[in-house]
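Below: the structure, in structure tokens.
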Amino acid sequence: MTNDAEVVGHLGDCFEATYRSLGESAPLLENDAFVVVTHEMSRSFGEVTLALREFASRPLVALPVIGTLLARSRALDPSGSLLLYAVAMVVGPRLLVSLRDALEVLSDPSARALVDEAQLVTVRQVRRIGDLASAPGLDEASWYAGIAELGEIVDFGHYAESFGVLH
């Protein structure tokens, strides 16, 4: 039997890494529109992180694979378009699977409500990036080679489908 606080703590680790990485990345990006979007996404993920932190039974520790993935995407493409791709196509879907899986094991209604809100925030951010996809610069061929590298990062860390429910 899993402890709800432990599950929420692991999810908090995932959101902590996403929030922190986006916040650190935003001022370093070269595309001003992507700076704004990345900063706003960081704030949204940060609000979720705070709520998860309050429920968890321990301090949150950013999940390393997410930080590595987002830092690498920024290094491969300083404009920020690959970073946004990574959030929408690599991190976001894995967060959603982890959140779905958590709902299967959580019993506390307040923990379930936190996960529901985390799902909504994650979907909103992925859709926001999708809305930007038609903007110039987001689907540049110059970073397509980096997409494979990002996939290798999560696959090597054994996070091919999700970030799990617990470590």
Those residues that are surrounded by fewer than 19 Cβ atoms within 10 Å (Cβ to Cβ) and among the β-branched types (Val, Ile, Thr), I need them from the stretch 33-54; list them, please.
35, 36
Go through the stretch 50-72 and report how many residues are part of a helix (DSSP H, G or I), more than 15 Å from the chain's Cα centre (by Cα) and not aromatic (Phe, Trp, Tyr).
3
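Restricting attention to the stretch 102-127, which residues are part of a helix (DSSP H, G or I), within 19 Å of residue 53 (Cα to Cα) and of a type outside the set (Gly, Ala, Ser)? Give the derivation first.
In the first step, residues of the stretch 102-127 are kept if they are part of a helix (DSSP H, G or I); the result is 102-105, 109-127.
Of the ones still in play, those that are also within 19 Å of residue 53 (Cα to Cα) are 102-103, 105, 109-122.
103, 105, 109, 112, 114, 115, 116, 117, 119, 120, 121, 122, listed by residue number.
Kindly check whether there is at least one residue in the stretch 103-112 that is within 15 Å of residue 18 (Cβ to Cβ) and out of contact with any Phe, Trp or Tyr (no Cβ under 8 Å at 6 or more places or on another chain).
Of the stretch 103-112, the ones within 15 Å of residue 18 (Cβ to Cβ) are none.
Looking through the stretch 103-112, none of the residues is within 15 Å of residue 18 (Cβ to Cβ) and out of contact with any Phe, Trp or Tyr (no Cβ under 8 Å at 6 or more places or on another chain).
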The stretch 55-67 - residue that is over 20 Å from residue 108 (Cβ atoms) and in contact with a Ser or Thr (Cβ under 8 Å, 6 or more places away or on another chain) and, of those, surrounded by the most Cβ atoms within 10 Å (Cβ to Cβ)
66
For a quick check of your reading of the model, give me the residue pairs whose first member lies in the stretch 54-67 and is of a type in the set (A, V, I, L, M, F, W, C), whose second is crowded, with 18+ Cβ neighbours inside 10 Å and part of a loop (DSSP other than H, G, I, E, B), with beta-carbon atoms closer than 6 Å and at least 6 apart or on different chains.
65/159
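Where a number appears in this text, it was derived from the coordinates with a stated rule and is not lab data. Since the model is a prediction, treat every value here as computed from it, not as a measurement. Methodologically, a virtual Cβ is constructed for each residue, glycine included, from the backbone with ideal geometry; neighbour enumeration extends over all protein chains shown.
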